[in-house]
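A short worksheet on the structure shown next.
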Amino acid sequence: MEEKKEQKKLSYEELAQQYGQLHLDYQKLVAQYKQAIAALQNKDFDYTSFFLSMLFKVMEHPEMYESEFVDWTAKHIQDALYSFDNAMMQATKQAEDETE
């Protein structure tokens, strides 16, 4: 037969200390998570920046390209700018919500 081990009940001070440690660990994880997200976003931003710069180069000399390609390019510039604006608005709203 297995013996049941009695668990020692923690005092309020011990619970508070363990809670404090857990809270510190949680804050460290949140900071690491935010750093990871920022790193991923920077990678995406580099790609987006390159892609947009190429699109704008096309628009500098539209006469060198087929009109359908120029229209496609203009649409992608618009979509990218709308998408960027929406992402910035959401990030701003999220930051405001976290501070409240």
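If you go through segment 10-38 and keep only what is at pLDDT 90 or above and either part of a loop (DSSP other than H, G, I, E, B) or of a type in the set (A, V, I, L, M) (or both), you end up with 11, 15, 16, 22, 24, 29, 30, 31. Scanning segment 62-99 for residues that are part of a helix (DSSP H, G or I), aromatic (Phe, Trp, Tyr) and at pLDDT 90 or above turns up 69, 72, 82.
Pairs meeting the criteria (first residue in segment 61-86 and more than 13 Å from residue 48 (Cβ to Cβ) and free of Cβ contacts under 8 Å to residues at least 40 places away in the same chain, second residue part of a helix (DSSP H, G or I) and aliphatic (A, V, I, L, M), beta carbons under 7 Å, at least 6 apart or on different chains) are 62/70; 65/58; 70/58; 73/55; 73/58; 73/59; 74/59.
Table: residues versus (1) surrounded by 10 or more Cβ atoms within 10 Å (Cβ to Cβ); (2) hydrophobic (A, V, I, L, M, F, W, C); (3) within 26 Å of the chain's Cα centre (by Cα).
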{"position": "32", "(1), (2), (3)": "yes, no, yes"}
{"position": "35", "(1), (2), (3)": "yes, no, yes"}
{"position": "62", "(1), (2), (3)": "yes, no, no"}
{"position": "74", "(1), (2), (3)": "yes, yes, no"}
{"position": "80", "(1), (2), (3)": "yes, yes, yes"}
{"position": "86", "(1), (2), (3)": "yes, no, yes"}
{"position": "91", "(1), (2), (3)": "yes, yes, yes"}
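Taking the numbered list (1) surrounded by 10 or more Cβ atoms within 10 Å (Cβ to Cβ); (2) of a type outside the set (Ser, Thr, Tyr); (3) under 18 Å from the mean Cα position of the chain (by Cα) in turn, residue 97 passes all entries but (1). The selection criterion, being out of contact with any strand residue (DSSP E or B) (no Cβ under 9 Å at 6 or more places or on another chain) and surrounded by 10 or more Cβ atoms within 10 Å (Cβ to Cβ), holds for residue 57.
The values are calculated or read from the model by the stated rules, or taken from the named source; none is laboratory data. These figures come from a predicted structure and were not determined experimentally. Here the Cβ is made from the backbone with ideal geometry for all residues, glycine too, and neighbour counts use every protein chain on show.
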